[in-house]
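Reviewing the structure listed below.
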Amino acid sequence: QDPRLKRAPSASAQARPDRLGLSQGGAMSAPQRDLEARGQADEASGPADLEAGTVAPVAGEACAEAASGQQPPPAGAGEASADAGAAARKKAPLPVRVLCNLLCFILKLVVIIIVICVGIICLPFVCCCCFMYYRSQGRIVVLDGTKPPSLDDEAKDRINTSKNGTFAPRVEEFRNSASRTLTRTLSKYAGNRPSGNGIESSISAPLNSVTPWECSMKREYLKQARVKACEDASQSIPGHLIITLERERALQQTLACIGPARSIDLIAKGLKINFKDEAAVDAGGVTRDWFDSLGRSLMAEAERGDGHLMVLPDKTLAPRPYDERFSDLYAVGRLIGLAVWFGIPLPIPLGSVTCKFLLDEPISPVDLQRLDPDFVQFRVKPVLRPGGVGDLEEALGEPLTFMSAATELRAPKELCPGGEEKQVTEENKHEYLKLLCEHHLCGDMREQIKVLLDGFWDIFPKDLLTCSGITHRELALLISGYPSLDPEEWRRNTQVNSSDCGELMSWFWDMVTEMSTEDRAKLLHFATGSSRLPVSGFSGISPKFNISVEGDDIDHLPHAHTCGNQLVMPRYISKELLVEKMQVAISNDEGFGFA
């Protein structure tokens, strides 16, 4: 410490200890301590040789000693320290204060400049992130089926152009040498008349040659090529397509709103369906249910005979002849394309002939045999035989001319100008068979087929389909999905979320095995929203099909969360009760609500 601070007490203080209030024991009262502190402060600040600020350390030492218990702190020590510090600051030189202020200003300026620079550097990155997020979301297209727009001039011109366009299917020529090949090729198919319905009857034999992986890759190629074509034309793909409908009139309202819409507005990245007055948020299950219900409605109308489509001899669908609802047919073609675009099966049976029409591929004798075995058996094969024209004329009892074959629904027509007078000979019978088959395929529905095809080609242009290398079998599966449901494959691709339910699961799979094909499709629709499987089968269901067992109230029916492909069942106490409750549930699965 500074020796100047160790000063002896004044003589007066030594002479008169009673003035300091010291007793024999050395204890001081509070007033005495205050007086002592003031006296020490006066003595410390008295000499002229002490510099400013020396009192503060003394006061600090006094406070420290008081805190340690050696001596009570003087009452004026804190005030003296503050006064001394202020005096020291006031006595600081002016250049020093200016320099300090300048340094503070420069420091603040540097901080502001750094913040601005960081903002300038980060701003493009933030803008880029916002732009990428906006691009990923895209614009939203909303279609209200309850208030469908009327056809504008562009839509009318598009449909009229399709209707007035020419359509002639390409049919492979029949040769004499092909007759035996035709018989051998069809022996494994033609032995049985097509039975069942849909894709099972039309392409069931070659299904094993279709690879799900190749189907999926070709579909992705089609989508990417379509998006690239839109980008080249400076057209933006929407982020979401939202369609609002009433379930009771879902088919009519769907066709009414997607028909007039621009094709670029339909091929969105995501699709959401809202059914009015139904408590459901579409996370995938409602969309699958929408496609499934539309397909079943189209099939039901065709079977009744009053729909846009009709049932062919092979139980597949095709446009109805003489149907004048061209805008609806155009929308049906678009709907078929959207099923491929979004990868959700539309359960309408399309045969190999219709799928080849969509791909603009030639029709083969095998396709004709599958479509109408009687026609090939009694009108094509007899003519192909050597001398077959004369044999057929003898059987008919009249000359064979270039006229179509009469049926219960349509009268014979000329296959070419002057066909009623042009007689069939051994030399021109191949030309006759080609024209005869073309007319049998689309004679009275050329306009209807052309409008349907143009609607599909509006989603996937014909040149993209050709470049993709997709076959008619692969296209049929992409549109309609797999109709057959194998219980064992279903079981292998099912996840059970609950424990302690082994017996109930055993009853469940026994029930599925014993179900008819129709009931299995109903069960699949009840749990997932779709009665058809995607191209890759049960393994392609996403999320994975899963079962949960919740609750012990056996009076409750099973329910499902279609967006998660989840079936929820109570813990039933017998197989009979499980079958009974499941039948009631799958027979009344229209609409969505709170479980």
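The values are calculated or read from the model by the stated rules, or taken from the named source; none is laboratory data. Note that the coordinates shown come from a computational prediction; the quantities given were computed from them, not determined experimentally. Cβ coordinates were reconstructed from backbone atoms using ideal geometry, including for glycine residues, and neighbour counts include every protein chain displayed. To get the accessible areas, we keep the full protein, side chains included, count just its heavy atoms, and leave off ligands, DNA and RNA. Shrake-Rupley method; radii C 1.70, N 1.55, O 1.52, S 1.80 Å.
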Inset, instruction - Could you figure out which of (1) farther than 25 Å from LEU271 by Cβ; (2) in a loop (DSSP other than H, G, I, E, B) isn't true of PRO347? - result: (1)
Inset, instruction - Pick out the one residue from THR425, THR466 that is of a type in the set (S, T, N, Q) and more than 28 Å from ARG219 (Cα to Cα). - result: THR425
Legend entry - Elements of type helices (runs of 4 or more DSSP H) contained in segment 221-327, each with 2 or more residues being among the basic types (Lys, Arg) and surrounded by fewer than 22 Cβ atoms within 10 Å (Cβ to Cβ): 285-304
Inset, instruction - Check ALA405 against each of (1) open to solvent by 10 Å² or more (accessible area, probe 1.4 Å); (2) in contact with a helix residue (DSSP H, G or I) (Cβ under 7 Å, 6 or more places away or on another chain); (3) modelled with pLDDT of 85 or more; (4) not β-branched (Val, Ile, Thr) and name the one condition it does not meet. - result: (3)
Legend entry - Condition broken by GLU394, with the remaining ones in (1) in contact with a strand residue (DSSP E or B) (Cβ under 8 Å, 6 or more places away or on another chain); (2) over 30 Å from GLU220 (Cβ atoms) satisfied: (1)
Legend entry - Top-ranked residue in segment 319-347 [being of a type in the set (Val, Ile, Thr) and modelled with pLDDT of 90 or more; ranked as farthest from ARG296 (Cα to Cα)]: VAL340
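Have a look at LEU107, LEU94, LEU99 and point out the one that is farther than 30 Å from ILE258 by Cα and modelled with pLDDT of 85 or more. I'd like the intermediate steps shown before the answer.
Details: LEU94 fails: modelled with pLDDT of 85 or more; LEU99 fails: modelled with pLDDT of 85 or more.
Testing whether each residue is farther than 30 Å from ILE258 by Cα and modelled with pLDDT of 85 or more leaves just LEU107.
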Legend entry - Condition check for ASP306: out of contact with any helix residue (DSSP H, G or I) (no Cβ under 8 Å at 6 or more places or on another chain) and within 30 Å of ASN588 (Cα to Cα): yes
Inset, instruction - Have a look at GLN377, GLN369 and point out the one that is open to solvent by 20 Å² or more (accessible area, probe 1.4 Å) and not aromatic (Phe, Trp, Tyr). - result: GLN377
Inset, instruction - Please specify each residue of segment 487-507 satisfying the condition of being closer than 22 Å to ARG288 by Cβ and open to solvent by less than 60 Å² (accessible area, probe 1.4 Å). - result: PRO487, GLU489, TRP490, ASN493, THR494
Inset, instruction - Please verify whether segment 346-366 includes one or more residues that are out of contact with any strand residue (DSSP E or B) (no Cβ under 9 Å at 6 or more places or on another chain), of a type in the set (Val, Ile, Thr) and surrounded by 24 or more Cβ atoms within 10 Å (Cβ to Cβ). - result: no
Inset, instruction - Select from segment 328-344 the residues that are over 15 Å from ILE449 (Cβ atoms) and either assigned to a loop (DSSP other than H, G, I, E, B) or in contact with a Pro (Cβ under 8 Å, 6 or more places away or on another chain) (or both) and list them in ascending order. - result: ALA339, GLY343, ILE344
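Tell me the helices (runs of 4 or more DSSP H) entirely within segment 358-463 that contain at least 1 residues that are among the aromatic types (Phe, Trp, Tyr) and within 30 Å of ARG158 (Cα to Cα).
446-459
Anything in segment 529-553 that is free of Cβ contacts under 8 Å to residues at least 24 places away in the same chain and more than 27 Å from ILE479 (Cβ to Cβ)? List them, or say none.
Scanning segment 529-553 gives GLY551, ASP552, ASP553.
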Inset, instruction - Scan segment 426-466 residue by residue and report those that are modelled with pLDDT of 90 or more, open to solvent by 10 Å² or more (accessible area, probe 1.4 Å), in contact with a helix residue (DSSP H, G or I) (Cβ under 7 Å, 6 or more places away or on another chain) and farther than 19 Å from LEU317 by Cα. - result: ASP458, LEU464
Inset, instruction - Report yes if some residue within segment 221-237 is under 27 Å from GLN566 (Cβ atoms) and touching a Ser or Thr at 6+ places or on another chain (Cβ under 7 Å); otherwise report no. - result: no
Legend entry - Residue check, PRO534 over 25 Å from SER484 (Cβ atoms) and surrounded by 19 or more Cβ atoms within 10 Å (Cβ to Cβ): no
Inset, instruction - Can you run down the residue pairs with Cβ atoms below 8 Å, 6 or more apart or on separate chains, where the first is in segment 558-573 and among the small types (Gly, Ala, Ser) and the partner is at pLDDT 90 or above and open to solvent by 10 Å² or more (accessible area, probe 1.4 Å)? - result: GLY564/ASN546
Inset, instruction - With the condition kept exactly as written, say whether any residue in segment 412-425 is out of contact with any Ser or Thr (no Cβ under 9 Å at 6 or more places or on another chain), buried (at least 16 other Cβ atoms within 10 Å of the Cβ) and not polar (S, T, N, Q). - result: no
